[in-house]
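**Student:** Below you'll find the structure I mean.
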Amino acid sequence: MFSIGPSGNAPQQLTPPTTGGEPSAKRHRADLPSFITDFDGARGANFSVITNFFSECVPRAAPRLTQVVTPRRALDIDRVVPAGTTDGTLINIAGDSKSLTALATRAHLRTSPLPEAKRHFERLLHSLEANPKLTCWNSAFENLLALHNMLEQRTTHAVVDLLFDASAEQFLPEAKALVRTARNARFDNALTRHLEAIAAMPPALRLNAWRDTFASVQRCEGYYEASTANRLAKCIGALPGQDRDVAILEMLDIGAKVIRGSGWDALVDTLYKTCAAGSLPRVIRATLDAAARAHDADIKDAVLATALHIDRCSPEDAEHVLARLVAIATLEDEDCPLELTDLEAISMLRDLRHTSDNDTRAYARPDFDDLIQQQCSYAAD
């Protein structure tokens, strides 16, 4: 065994052997003497030298790399669908509902987040509204309304999830009615702009343009109702005088689509004020027939609104019109098979009596007091 230090108390510090003429860095990296590794029972102070020596020889670990996470940017629909391309997209959709553009738009409305899909559709609808003189306007209107059916279904479920419990399927009809009302109001704005453009056309072109729009609107599922018909009827007033009665009778023809929904009183008022005075009795008959094909509540509104225009007919025509209205109220009109209660019939007869009393002209009238008494007897039984 080798002696580690002299007989003194201070331990001898171990230093690496040196070689004359070698640089200090090279001498520092020289191998340790073998007696250090063979030594057994050395003091702890001597190991500090070895520890310091190896700390200089062992390379430091490379710095740990940390992954940088970049926040995901929200999809900007303004960049995805530039404003300058919506007019061209609208024309492509109008030209062919099965075109690549139409199919891509349908897929976008079906798969993209609902707010983004609604903004995309709003751009297309705004383009339609801003271009009321577009040659393919009618087909664009139809195809856009058909595309909205998919968006309408998604919106309906979103409304139910927002307002009710997720499993509240029983509220789907109410939510769908709410969404459809909002949709129709939005499309009404575009239709109004287009009808204004028709009214500004040369007079010779207006009737055919109105016919094309009327046929297009009738083909739109869930859109054509009394309020829409009233919007179309107001445009008839801009047609030349000889074309107005033609357009009115086409709207009320038995081959036309049934006009449903509330608002028959406003529609009747518009039609009667638009037609020529000599055509009023014929228009009244066509209006009552069309209302009878719709719904009980609608025919009641049409009857009461018609009574307000009897004074515009000649006394002879007024007599026939009033007799028809009374027959409808008493369920005796074969063309209007209604299902009114006795109380509803009594209410209608009282309203007709009041309106008839305001017409001071002399012509034959039903005995309203006797008719009301009969209905009261039926109600008592």
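The values are calculated or read from the model by the stated rules, or taken from the named source; none is laboratory data. The structure displayed is predicted, hence computed values, not measured ones. As a convention, Cβ positions derive from the backbone with ideal geometry for all residues, glycine included, and neighbour counts pool all protein chains shown. Ligands, DNA and RNA are stripped out before the accessible areas are found, and what is left, the full protein with its side chains, is counted by its heavy atoms. Shrake-Rupley method; radii C 1.70, N 1.55, O 1.52, S 1.80 Å.
**Student:** At 1.4 Å probe size, with every protein chain present, just tell me what the per residue accessible area of segment 281-381 comes to in Å².
**Tutor:** Using a 1.4 Å probe on heavy atoms only, each residue of segment 281-381 averages 53 Å².
**Student:** Let me ask another. When only DSSP loop residues count, what trypsin sites (Lys or Arg not before Pro) in segment 104-176 have their Cβ near at most 15 other Cβ atoms within 10 Å?
**Tutor:** Sites meeting the loop and neighbour criteria: K133.
**Student:** Compute the distance in nm between two label points, each set 7 Å from the Cα along the Cα-to-Cβ direction, one at A364 and one at N189.
**Tutor:** 5.5 nm
**Student:** For an R0 of 22 angstrom, estimate the FRET efficiency from the Cβ-Cβ distance between H320 and S262 and round to the nearest 0.05.
**Tutor:** With R0 = 22 Å, the Cβ-Cβ based efficiency is 0.20.
**Student:** Quick one: what are the phi-derived ³J(HN,Hα) couplings along segment 341-356, Karplus 6.51/-1.76/1.60 with θ = phi - 60°, whole Hz, x for glycine and proline?
**Tutor:** 7, 4, 5, 5, 5, 4, 4, 5, 5, 5, 5, 5, 4, 5, 5, 5
**Student:** Further, regarding this structure: What would the Debye formula give as log10 I(q)/I(0) at q = 0.16 Å⁻¹ for the alpha-carbon point model of segment 242-381, no solvent?
**Tutor:** Per q value, in the given order, log10 I(q)/I(0) is -0.81.
**Student:** Rounded to a whole number of µm²/s, how large is the Stokes-Einstein D of segment 334-381 at 4 °C and 1.567 mPa s, given Rh as the Kirkwood radius over C-alpha pairs?
**Tutor:** Estimated via Stokes-Einstein, D reaches 109 µm²/s.
**Student:** Right, another one. Of all accessible surface on segment 223-381 at a 1.4 Å probe, what whole percent is carbon and sulfur?
**Tutor:** Here carbon and sulfur together make up 47 percent of the probe-accessible area.
**Student:** Give K98/K234; K234/K257; K118/K176; K257/K300 a once-over and call out the pairs whose C-alpha atoms are over 22 Å from each other.
**Tutor:** Long pairs (Cα-Cα over 22 Å): K98/K234.
**Student:** At 0.36 nm per residue, minus the direct Cα-Cα distance, what do A107 and C376 gain on full extension? Give it in nm, one decimal, please.
**Tutor:** Taking 0.36 nm per residue and subtracting the Cα distance, the gain is 90.8 nm.
**Student:** I'd like the Karplus ³J(HN,Hα) series for segment 176-189: coefficients 6.51, -1.76, 1.60, θ = phi - 60°, whole numbers in Hz, and an x wherever there's a Gly or Pro.
**Tutor:** 5, 4, 5, 5, 5, 4, 5, 5, 4, 4, 5, 6, 4, 4
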